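Take a look at the structure set out below.
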């Protein structure tokens, strides 16, 4: 497991230290040049990807490669080869050279790691022929760091049941089937996380990289409609992306499903644009260009070709470099590990998934056997995987085997694979990072978030390593987010103990109200207030948090006739005593007299 710092140490890794005070860590290795390039039916025969050597300054000008004087001779050979084949060359990424250079520089400043020059990645499109043979020629040149046939993508899904649609004007409330949102060990306890200021994902944008969104689905349209970035996607309606978004942001509307981080925003970035072809790293780059620090990129794509497949797409050099630069810039990346039952620690992958060799900074997600904690039979596994989610029978939007009379009303109870597992982990991660932002007024670093989730989850069961299942209740406590906890018998005439968990020395107060607001409202600087200030909102001042990290107050429940069944809510506020003093709301805690 990853070593998890205590709360005081955790705050030190929320923002990376200034790399100007030290030398940059060396470049992470990419794929080694093969003696003979991969010949595999799952690799493209007509598209070659090329990464020129670091420092060669290679650029594409007037359909020809130019670079530093030291590589002129090699580049002339490349140009003659491409012209002789009737091939064409293009940059892998659509962003400007200046933007890519600036993004790399900002990532190096923030992370302290040297990053690959994304302007050195290109694609060569062949009219016909053997891409592997062309790679063999290119890989003999010193100017070329690596050339490889482009990988073939697919959705990391186990197909759900056949359609059994029901005709209805509106779906019923299907959230009872979303047990993956409930308490650990079965779920990730998003229901608890949602009670915190920011815990519903407010302020975070999730960019989903894949294909297949019905963006006007009745349970998604207010978040997803027309929210595309990058390439123009092929026409809808499709199901895969629809199902992923339902787990994340299914709307709170009384019907259908409710997303794990319902207040987050979403965007969509396809790797399969109109007109054909694929560009997997390009779709991730387009997502990154639309993201801000603290946003999340979800990679719902698996790749095939070469080593045992399917495998996570960051095996390929262009994908790894893109993901690493994104996380270096503080953008969180969460990726499906793929459905091949492959051991990613195998030597077949050349150390691509070995933390001791290289680390993209992404969270890589394995699949459990549904609600069981055991590895699903199909899930890839290995030490690179740090978190896992349900891989069978997930209730969400799409497909129509549970409910629906058309694509915009389809729901499923059978979404499966690392496809279904990845948004479960993502939903937990988004809620946690948003809570930390609201509590501490800063962002958590992607690797620190990965560590926090991994070390405070429900341990996995049998099978190869897929990582722990997120447990938000544990992770929140480990992060030191201020939290209320109620204990007692909740009977008329009895005493209720209210405990506030926060940093020793902080002061705290307690709000009480018989009514919640329909939506939490922002009350600067403390965050989101969930209690109704127009309904007898009361503040009790309760003094300091003790050395154990807790403060307590006793609330005597009135012994009155007819009081049983009365429901009300508490929400605390912690006043931090270290550094610049500011306040932060806790979660809301429901109190119902028995």
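The values are calculated or read from the model by the stated rules, or taken from the named source; none is laboratory data. Note that this is a predicted model, so its numbers are computed, not measured. Cβ atoms come from the backbone with ideal geometry, glycine included; neighbour counts cover every protein chain shown.
Please state which one of 444, 436 is in a loop (DSSP other than H, G, I, E, B) and under 16 Å from the mean Cα position of the chain (by Cα).
On the way: 436 fails: in a loop (DSSP other than H, G, I, E, B).
When all the criteria are applied, what remains is 444.
Go through 218, 252 for me and flag whichever is at pLDDT below 95 and assigned to a loop (DSSP other than H, G, I, E, B).
252
Within the stretch 483-516, track down each residue that is in a loop (DSSP other than H, G, I, E, B) and either in the same structural domain as residue 438 (by TED's automatic domain parsing) or under 17 Å from residue 538 (Cα atoms) (or both).
Hits for the stretch 483-516 are 514, 515.
What number of residues within the stretch 411-440 satisfy the criterion of being at pLDDT below 95 and in contact with a strand residue (DSSP E or B) (Cβ under 6 Å, 6 or more places away or on another chain)?
2
For the subset of the stretch 339-378 comprising residues that are in contact with a helix residue (DSSP H, G or I) (Cβ under 6 Å, 6 or more places away or on another chain) and in a loop (DSSP other than H, G, I, E, B), which member is farthest from residue 446 (Cα to Cα)? Outline the logic, then answer.
Filtering the stretch 339-378 for residues in contact with a helix residue (DSSP H, G or I) (Cβ under 6 Å, 6 or more places away or on another chain) gives 339, 352, 360-363, 365, 367.
Add one more test, that the residue is in a loop (DSSP other than H, G, I, E, B), and what stays is 339, 352, 360-362.
Numbers: 339: 24, 352: 19, 360: 10, 361: 7, 362: 7 Å.
Per the criteria, the residue is 339.
Filter the stretch 441-462 for residues that are in contact with a strand residue (DSSP E or B) (Cβ under 7 Å, 6 or more places away or on another chain) and farther than 20 Å from residue 184 by Cα and give the result.
If the condition is that a residue be in contact with a strand residue (DSSP E or B) (Cβ under 7 Å, 6 or more places away or on another chain) and farther than 20 Å from residue 184 by Cα, then 446 is the only one that fits.
Within the stretch 516-529, can one find any residue that is within 22 Å of residue 440 (Cβ to Cβ), crowded, with 19+ Cβ neighbours inside 10 Å and more than 33 Å from the chain's Cα centre (by Cα)?
No, because not a single residue in the stretch 516-529 is within 22 Å of residue 440 (Cβ to Cβ), crowded, with 19+ Cβ neighbours inside 10 Å and more than 33 Å from the chain's Cα centre (by Cα).
I need the strands (runs of 3 or more DSSP E) fully contained in the stretch 38-151, keeping only those with at least 3 residues that are crowded, with 18+ Cβ neighbours inside 10 Å.
43-52, 121-125
I'd like the full set of residues that are more than 16 Å from residue 497 (Cα to Cα) and in contact (Cβ under 8 Å) with a residue 40 or more places away in the chain, limited to the stretch 535-558.
547, 548
Look through 571, 552, 519 and report the one residue that is assigned to a strand (DSSP E or B), closer than 28 Å to residue 253 by Cβ and in contact with a strand residue (DSSP E or B) (Cβ under 7 Å, 6 or more places away or on another chain).
Criteria check complete, one pass: 571.
When you check residue 532 against the structure, is it touching a residue at least 24 places away in the same chain (Cβ under 8 Å) and crowded, with 16+ Cβ neighbours inside 10 Å, yes or no?
no
State whether the residues of the stretch 260-271 include one that is within 21 Å of residue 149 (Cα to Cα), touching a residue at least 40 places away in the same chain (Cβ under 8 Å) and either more than 13 Å from the chain's Cα centre (by Cα) or not assigned by TED's automatic domain parsing to the domain that holds residue 170 (or both).
yes
Looking at 426, 386, which is the one that is assigned by TED's automatic domain parsing to the domain that holds residue 346, surrounded by 22 or more Cβ atoms within 10 Å (Cβ to Cβ), touching a residue at least 24 places away in the same chain (Cβ under 8 Å) and closer than 30 Å to residue 225 by Cβ?
426
Do you know which residues across the stretch 215-232 are under 17 Å from residue 256 (Cα atoms) and surrounded by 19 or more Cβ atoms within 10 Å (Cβ to Cβ)? Talk me through it step by step, then tell me what you get.
First pass over the stretch 215-232, keeping only residues under 17 Å from residue 256 (Cα atoms): 215-224.
Scanning the stretch 215-232 gives 215, 217, 218, 219, 220, 223, 224.
Quick check on my filter: what residues within the stretch 189-215 are part of a loop (DSSP other than H, G, I, E, B), over 30 Å from residue 274 (Cβ atoms) and in contact with a helix residue (DSSP H, G or I) (Cβ under 9 Å, 6 or more places away or on another chain)?
189, 194, 196, 197, 198, 199, 200, 201, 202, 203
Can you name every residue in the stretch 256-289 that is surrounded by fewer than 19 Cβ atoms within 10 Å (Cβ to Cβ) and assigned to a loop (DSSP other than H, G, I, E, B)?
274, 275, 276, 277, listed by residue number.
Do we find that residue 242 is in the same structural domain as residue 333 (by TED's automatic domain parsing) and closer than 25 Å to residue 159 by Cβ in this structure?
So residue 242 passes the test.
Filter the stretch 379-400 for residues that are part of a loop (DSSP other than H, G, I, E, B) and over 18 Å from residue 173 (Cβ atoms) and give the result.
The answer is 379, 380, 382, 383, 384, 385, 386, 391, 392, 393, 399.
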